Amino acid sequence: MKKVRCFILGFVLLFTLINIASAQFVNESRVDIKAVAVTSGESRGVVIDITVIVTPGDGKVFVSTTPFTEIDMQGSAQLAALTACDLLGLDFTKHDFFYIVNADTPIVGGPSAGAVMTIATIAALKHLTINETVFMTGMIYPDGFIGPVGGIPYKLEAAAKNGAKIFLIPKGQRIVTVEERKEIKKGPFIFITTNLKRVDLVEYGRKFNVNVIEVETINDALKYYTGFIIEKPSLQFNITRYSSLLKNLATKMKSETMELAEKVKSEEASKIISEAEDNFKKGNYYTATSKYFFAKILLRYQYYKETIKSDDDLEKEFSKVDDEIKHLKEFLKNSSLGIESFQLYGAAEERITFAEDYLNMARKSNNFDDALYYLAFAKERVESAKIWLSLLESINKDIPIDKSEIKKRAEFYLTQAQSIYVYATSIRGYSDLIDEAFKSIELSKKQFENGFYAGAAISSLDAITKASLSIELIGINSLDELKPKIDLARNSAKSAIGEAEKVSTPILAVAYFEFAKTADNNLAKLTYYKLSERVAKLILTVAKAHHAKEIVKVSYELPIVKVQQTEADRVETPGFSLMIATLSLLLSFAVINYRNYRKRR
């Protein structure tokens with residue numbers, strides 16, 4: 001009976017997906033666009049048809065592909081819908097998205113269609129008309145940047161055959177290397193050789209009367225596709241406005257750290273305290289808080305080593321910390337959330353869940369010293385949760401929010417985090433960030449199970465940020481290349497915080513912003529600026545205060561580009577050879593005339 005039900009369910013799902021393209025939707029907005037891909041098993045470009053339908057809904061993404069493609073096509077669609085809404089300042093959960101992909105032949109993956117899907121989604125959301133003579137290839141990043149892809153020459157050929165006049169490619173991929181395969185038959189044997197050849201895509205496009213243009217962001221591409229761009233309001237915020245709140249965090253953490261430092265000594269902790277003091281003096285209060293916290297863990301660990309000498313002593317401390325965790329969990333479960341307090345409860349929920357994990361690790365440890373170390377982490381996570389909750393005293397007015405709404409939002413973000421994680425893994429994103437994203441997903445799951453929906457939402461955002469960033473780092477050879485992205489992320493975070501502070505005091509977003517500013521490496525800077533922006537947007541979502549971006553009409557001229565050639569290329573081009581031949585001929589005439597002149601004399 002169970003097998004019959006599964007068969008019926010599968011048939012209904014298949015029938016539904018097959019008929020999506022011809023279905024009628026309520027209040028639908030539909031856009032058709034063409035994308036290019038490379039066929040599976042051979043180096044040949046093909047054009048695929050994509051239909052994007054947007055309807056009122058609750059944040060679901062449906063994908064139908066013919067023939068079936070790899071999971072990265074599903075991930076590209078999810079990312080396209082989410083990115084389009086983020087760029088437009090729209091609430092993703094107010095829409096449903098349908099992507100129908102049709103190809104005449106099996107194609108390789110789907111990341112290279114991500115940017116095209118995003119363009120079509122924006123066009124559907126804003127009822128824009130697509131220029132059918134524009135084609136594009138490029139991966140989509142969650143911040144609106146367009147990432148590198150392969151097989152561009154083959155895709156360009158396919159686009160040209162299907163009426164392309166403009167072909168948009170990711171910035172930095174004008175010059176690509178392709179592999180030429182040659183077969184030489186000698187008697188009964190076939191010898192295969194391969195040579196690498198550099199291709200200038202701008203010059204290659206001219207052979208097909210196609211303008212090949214490099215684009216960096218979705219907004220760059222949107223201009224050519226629709227004649228519109230998304231206007232970006234420049235909102236600023238003054239971080240010193242939040243100094244008193246952040247200073248309260250740092251002061252409390254400092255006081256507790258110095259109190260413990262009077263009891264035990266740790267050379268390593270002393271160095272970190274010195275760094276914390278330096279940041280405190282500079283007004284980098286959240287950075288100081290973080291450093292005091294890590295120094296305090298080392299001091300707590302040393303304190304435990306000096307005071308806990310037996311298994312009985314250890315068990316007593318286990319019970320003591322466990323009771324504190326249970327007490328705080330009970331408090332958090334029974335608390336009423338508000339627009340102001342949401343982020344404070346979320347920060348505390350994250351930390352108390354960490355504390356519970358570390359306590360379990362301590363109890364399961366076979367090594368007495370390791371047990372003390374993990375116990376120190378658990379204890380200090382409890383204390384940091386208390387410090388965040390102490391900021392509740394600073395709230396004058398807190399507008400209540402429905403916990404079921406937060407639960408729904410947390411569930412949605414957790415689903416998105418898992419989807420982007422799978423997508424990032426499938427296309428081999430930056431492994432360290434993928435690992436960090438996985439940990440945040442697991443943390444979010446535990447919080448969700450405990451009813452800590454604010455913390456679950458924030459942890460999921462952390463996972464989304466890191467998994468997304470792991471995709472952005474594909475093709476990056478050095479972290480020094482991240483500077484343009486850091487500048488953009490910082491400005492985007494400023495703008496998001498500027499919007500959020502109209503409805504709340506986005507202290508958590510500001511804390512992450514400051515932490516990014518003082519980070520000592522580019523990857524940490526980029527990660528925390530992006531996390532700051534996402535937390536600010538979450539606050540806006542909780543407050544139901546989305547600010548839609550305006551689209552503005554623009555005109556453009558096709559860029560005038562110079563053909564990039566090497567010296568060897570110049571010798572081989574017909575124009576250069578003709579010029580040399582002409583000069584040689586003129587020189588010959590000059591020599592002959594000079595000789596005749598000499599003879600006449």
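The values are calculated or read from the model by the stated rules, or taken from the named source; none is laboratory data. Note that the coordinates shown come from a computational prediction; the quantities given were computed from them, not determined experimentally. Methodologically, a virtual Cβ is constructed for each residue, glycine included, from the backbone with ideal geometry; neighbour enumeration extends over all protein chains shown.
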Next item on the list: Check segment 534-543 and report whether any residue there is surrounded by 17 or more Cβ atoms within 10 Å (Cβ to Cβ), touching a strand residue (DSSP E or B) at 6+ places or on another chain (Cβ under 9 Å) and outside any helix (DSSP H, G or I).
Entry: no
Check: Filter segment 381-400 for residues that are among the β-branched types (Val, Ile, Thr) and in a helix (DSSP H, G or I); which is nearest to Ser336 (Cα to Cα)?
Finding: Ile387
Check: Could you count how many residues in segment 130-149 are more than 26 Å from Leu488 (Cα to Cα) and part of a loop (DSSP other than H, G, I, E, B)?
Finding: 4
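Per-residue answers, yes or no, for (1) in contact with a helix residue (DSSP H, G or I) (Cβ under 7 Å, 6 or more places away or on another chain); (2) of a type in the set (S, T, N, Q):
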| residue | (1), (2) |
| --- | --- |
| Ser243 | yes, yes |
| Asn248 | yes, yes |
| Lys263 | yes, no |
| Glu268 | yes, no |
| Tyr286 | yes, no |
| Lys305 | yes, no |
| Asp313 | no, no |
| Ile325 | yes, no |
| Phe331 | no, no |
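Looking at Ser234, is it out of contact with any His (no Cβ under 7 Å at 6 or more places or on another chain), touching a residue at least 60 places away in the same chain (Cβ under 8 Å), small (Gly, Ala, Ser) and closer than 24 Å to Lys494 by Cα?
Numbers: out of contact with any His (no Cβ under 7 Å at 6 or more places or on another chain): yes; touching a residue at least 60 places away in the same chain (Cβ under 8 Å): yes; small (Gly, Ala, Ser): yes; closer than 24 Å to Lys494 by Cα: yes.
Here the answer is yes, as Ser234 does meet what is asked.
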Next item on the list: Please tell me if Ala385 is buried (at least 19 other Cβ atoms within 10 Å of the Cβ), over 32 Å from the mean Cα position of the chain (by Cα) and small (Gly, Ala, Ser).
Entry: no
Check: For Ala509, all conditions in the list (1) out of contact with any Gly (no Cβ under 8 Å at 6 or more places or on another chain); (2) outside any helix (DSSP H, G or I) hold save one; what is the number of the exception?
Finding: (2)
Item checked: segment 152-177 residues that are in a strand (DSSP E or B), paired with ones that are buried (at least 23 other Cβ atoms within 10 Å of the Cβ) and polar (S, T, N, Q) (beta carbon under 9 Å, 6 or more apart) -> Phe167/Thr137; Leu168/Thr137; Ile169/Thr137; Pro170/Thr137
Next item on the list: Kindly establish whether Gln418 is polar (S, T, N, Q), within 18 Å of the chain's Cα centre (by Cα) and under 28 Å from Ile339 (Cβ atoms).
Entry: yes
Checklist line | Output for segment 135-153, where each listed residue is closer than 17 Å to Arg206 by Cβ and surrounded by fewer than 24 Cβ atoms within 10 Å (Cβ to Cβ) | finding: Pro153
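What's the total number of residues in segment 415-463 that are assigned to a helix (DSSP H, G or I) and at pLDDT below 90?
Going through segment 415-463 one residue at a time, the tally reaches 12.
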Next item on the list: Among residues belonging to segment 395-451 that are among the polar types (S, T, N, Q), farther than 15 Å from Gln78 by Cβ and in contact with an Asp or Glu (Cβ under 6 Å, 6 or more places away or on another chain), point out the one that is surrounded by the fewest Cβ atoms within 10 Å (Cβ to Cβ).
Entry: Ser440
Check: Which condition breaks for Leu196 when tested against (1) part of a strand (DSSP E or B); (2) among the hydrophobic types (A, V, I, L, M, F, W, C); (3) modelled with pLDDT of 85 or more?
Finding: (3)
Next item on the list: Select from segment 424-459 the residues that are among the aromatic types (Phe, Trp, Tyr) and more than 24 Å from Ala543 (Cα to Cα) and list them in ascending order.
Entry: Tyr430, Phe438
Next item on the list: State all residues of segment 460-494 that are hydroxyl-bearing (Ser, Thr, Tyr) and farther than 21 Å from Ala536 by Cβ; if no residue qualifies, say none.
Entry: Ser470, Ser478
Item checked: segment 125-134 - residue that is in contact with a Leu (Cβ under 9 Å, 6 or more places away or on another chain) and among the hydrophobic types (A, V, I, L, M, F, W, C) and, of those, surrounded by the fewest Cβ atoms within 10 Å (Cβ to Cβ) -> Leu128
Note to self: Please go through segment 94-110 and give me each residue that is polar (S, T, N, Q) and modelled with pLDDT of 85 or more, ordered by number.
What the structure shows: Asn102
Check: On the given criteria, is Phe377 free of Cβ contacts under 8 Å to residues at least 60 places away in the same chain, out of contact with any His (no Cβ under 6 Å at 6 or more places or on another chain) and under 21 Å from Thr251 (Cα atoms)?
Finding: no
Next item on the list: Being modelled with pLDDT of 90 or more and of a type in the set (Val, Ile, Thr) is the filter here, so list the residues in segment 466-491 that pass it.
Entry: Ile486
Checklist line | Filtered residue count, segment 487-523, keeping only those that are within 14 Å of the chain's Cα centre (by Cα) and more than 24 Å from His547 (Cα to Cα) | finding: 1
Checklist line | Among residues of segment 318-355, those that are touching a residue at least 60 places away in the same chain (Cβ under 8 Å) and either not aliphatic (A, V, I, L, M) or not in a helix (DSSP H, G or I) (or both), counted | finding: 15
